[in-house]
Every structure is written in structure tokens, then in C-alpha cells.
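Written out below as C-alpha cells is the structure these notes cover.
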Amino acid sequence: MSTVLITGGAGFIGSNLVRSIAHAGQHRVVVFDALTYAGNLENLAGCIDGSAVSFVHGNILDADLVHRTMELHRIDAVIHLAAESHVDRSIASAAPFVETNVAGTLIMLEAMRTFGVSRFVHVSTDEVYGSLEPTDAPFTERSPINPTSPYAASKAASDLLVLSFVRTHGVDAVITRCSNNYGPYQFPEKFIPLMTLNALEKRPLPVYGDGKQIRDWIHVDDHCSGLLFALEKGRSGEVYNFGGAAERKNLAVVNEIVQLTGADPALITHGTDRKAHDRRYAIDATKAHNELGWTPMWSFEEGLKYTVEWYKAHPEWCGHVRSGEYRSYYEQHYKTSL
Ligand code: NAD
Ligand code: TYD
């Protein structure tokens, strides 16, 4: 049984991935996470047992701790999700994005070289491709890298570093670029959980600009299955796009959430647009289908319905996240480290 280090494993996608690996029982997992505002150990409640799944509280910028973790846990593979991930925050302050997403990825790559880690899955985003016009073909892996936001630029820089390590040092690494995820345990600064919780709490639903921006939504389970396919079957030095084949205008998504929650449509407000707001993302995932055998399982309608039900059914998680109480969960439950 191999041991996989999952950076950012207490975040939204990371925690869903850890749960799915733990459920399948295929690999031992070591979660390495700094527990920034986006990290929440409550996402992994009942999962961390110190054997099949262990937790290291650490920052990927702490090279010594990364090295000690790799050595002590004899890490075979890394799935690297730790990142600053929110576009609006990157517009307000870009420095943490360059530090964690670029410098942090470099530290992870150096560490994998030093400890002979056999595979590195670098979890990137379709946002590195920039914005599409309404009639453009969806992004393929050969689309130009043309990021708009500091977040997307920092992810693009990290992708190029990964490819440089494959070419220069011969490390084994694959890059995945996925479209917008939604699902359980997503922090409510992102569009779908924010709108869902606001709708349930009868608060305003703040749509940026005209709300006609298009995102290609994918259920987080489908992204996680893609990451496991990339881990097992991806070819080193290759990029794989994942998308949910569900292009929707933001306004259409809010309207669906309004229907699913029974909220008053008058709660929808149109505010100032985001700076340099990308108009459209759409993914061509043919390569992942053909080479990895990956196919998304969720339809957007079913996935969104299930997700809204999940938020309704988890008032405690939502309450802790809204109040900030989730930040003390680590001290209360797990304060042990390496
Ligand atoms: P998230 O913000 O929910 O989680 C990020 C996690 O990384 C948190 O647990 C946080 O504590 C941890 N982290 C941040 N900085 C760290 C550091 N310096 N050291 C250690 N841990 C640190 O993000 P997410 O939505 O789960 O995204 C995970 C990854 O997937 C990111 O790399 C993101 O770019 C990528 N991605 C996200 C989406 C999406 O729609 N959410 C789509 C495509 C790709
Ligand atoms: P977001 O979840 O931040 O993802 P990304 O910017 O990475 O695509 O936003 C998704 C879309 O929703 C994006 O077009 C911006 C828009 N949006 C709003 O209209 N209002 C909001 O409050 C937020 C957070 C996002």
C-alpha cells in the first residue's frame, strides 16, 4: 500500500479527496495543511485516525517540515492542492498567492526530488487559460496560457515550474486543470456555497455585474476521481483538463438555488463587477476521457440539488464556518503534530 501526501487536504477539494481515498482504502494518506482561513479540520471529522489518515499541521513554505514529513512518513506520491484559491482575495492582495502557490510549489518539487517521491500530481485550474468569448471552442490542453487574475497568474507560474522540473530534473509529475467545483464542505466565499447559505438565511444574493458570466461547473466528486486517475494513469509531463460539461450563466445558477431553497428572488442584487472579470470558461476534457478513462458522473442539476440538501442537512458545519468557530476545531480536537 502506498502513502500519498495530500497538501491542502483540509480545504474543500482536499477534504473530499481524503474522504474518498479513505473510503476506498487503497492508499495511506498524510494530510499536510497550514489551516489558513480556508482550511477546516471539521471537514475531516471522523477521518483522521493517525494510521490510514494522519494529519500534519504545517505550511508548505516550511521546507524543513516538508522534508521531515516526507522522510518520516515515507511518502510515495504527492497530490498537491495547497494554495490560496480565491480570485477576489488575489485582487485585494496578491503576495500570499505568489508565496504559497509559486514559492510553496517550488519547495514541494525540491522535496520530492530529494526524497525520490515517485509521482507528483499538481492540481491546477482552467483559469490559467484566461477568458473565452461566447463562440470560442472550449479550452484544450494546448490553449495558450493567458491568465487574468493574480490567482490565475500564480497558478500558471506554478504549472510552468512543474513542467520545468520534469524537463530539467526528470521528476515524474502530471498537471490537472479543472473547471469550477461545487459540492459539500466548500467555504462560503465561493459562489455556490455563498449563494446557498445566503438564500437559506434570507440574506442578499450578490451577483457581480450583469451575471451573464459563464462557468463550467463540476461536482467535486468528479474532480477527485479525475485526480486519482491522473495519479494512477497520467503520463509524466502531461496536462489533463477536467470539466463537468455544464456551462451555466451565474444568474441561471442563482435562480436554480433560489428555487431549490425556496428563497425570495427579490434577494438577488446586482453589484459592482469584479475587476477584469473572466467572461467564460469551458473545458474540453477529451484527453482525460481518452487517456485516463475518466468521465464525470454527476449532472449539474442533480449535483446542485444534492449540494443544497447537504448544506441544509449540516447546520452545525455551516454555523461554525459562518461564526469563525471552525478555526478553533484543531485546538479542541487534534493538537498533535509531527
Ligand atoms: P481551498 O481554499 O478550499 O483549500 C486550500 C487548502 O490549502 C486549505 O486547507 C488551506 O489551509 C491550505 N493551504 C493554503 N496555503 C497553505 C500553505 N502555505 N501551506 C499548507 N497548506 C496551505 O481550495 P480548494 O477549492 O479546495 O482548491 C484546492 C486546489 O484546487 C487549489 O490548488 C486550487 O487552485 C485548485 N482548483 C480549485 C478549483 C475550485 O473550483 N475550487 C478548481 C480547479 C482547481
Ligand atoms: P468564484 O466562486 O469566486 O469562482 P471563480 O472566480 O474562480 O470562477 O466565482 C464564480 C463566479 O461567480 C464568477 O463569475 C464570479 C461570480 N460571483 C458573483 O457573482 N458573486 C459572488 O459573490 C461571488 C463570490 C462570485
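The numbers here are math on the coordinates, done by the rules we state, and not lab data. This is a predicted model, so every value here is computed, not measured. Here the Cβ positions follow ideal geometry from the backbone for every residue, glycine too, while neighbour counts run over all protein chains shown.
Odds and ends about this structure:
- Those residues of segment 164-177 which are more than 30 Å from R322 (Cα to Cα) and either out of contact with any strand residue (DSSP E or B) (no Cβ under 7 Å at 6 or more places or on another chain) or within 10 Å of ligand 1 (Cβ to nearest atom) (or both), in sequence order: S164, R167, T168, H169, G170, T176
- Hits in segment 110-128 (condition: buried (at least 16 other Cβ atoms within 10 Å of the Cβ), over 20 Å from Y182 (Cα atoms) and either of a type outside the set (D, E) or in contact with a Gly (Cβ under 9 Å, 6 or more places away or on another chain) (or both)): A111, M112, F115, V117, R119, F120, V121
- Segment 59-88, residues that are surrounded by 18 or more Cβ atoms within 10 Å (Cβ to Cβ), in a helix (DSSP H, G or I) and touching a helix residue (DSSP H, G or I) at 6+ places or on another chain (Cβ under 8 Å): V66, M70, V87
- The set of residues in segment 19-52 that are in a strand (DSSP E or B) and surrounded by 21 or more Cβ atoms within 10 Å (Cβ to Cβ) comprises V29, V30, V31, F32, D33.
- The one condition from (1) among the β-branched types (V, I, T); (2) assigned to a helix (DSSP H, G or I); (3) in contact (Cβ under 8 Å) with a residue 12 or more places away in the chain that I175 does not meet is (2).
- Long-range neighbours under 8 Å by Cβ, at least six apart or interchain, first residue free of Cβ contacts under 8 Å to residues at least 40 places away in the same chain and more than 9 Å from ligand 1 (Cβ to nearest atom) within segment 178-200, second outside any strand (DSSP E or B) and not small (G, A, S): L194/P188
- Residue match in segment 207-225 (condition: within 30 Å of V171 (Cβ to Cβ), more than 15 Å from ligand 2 (Cβ to nearest atom), charged (D, E, K, R) and not in a strand (DSSP E or B)): yes
- For A22, the conditions (1) more than 11 Å from ligand 1 (Cβ to nearest atom); (2) over 18 Å from H223 (Cα atoms) all hold with the exception of (2).
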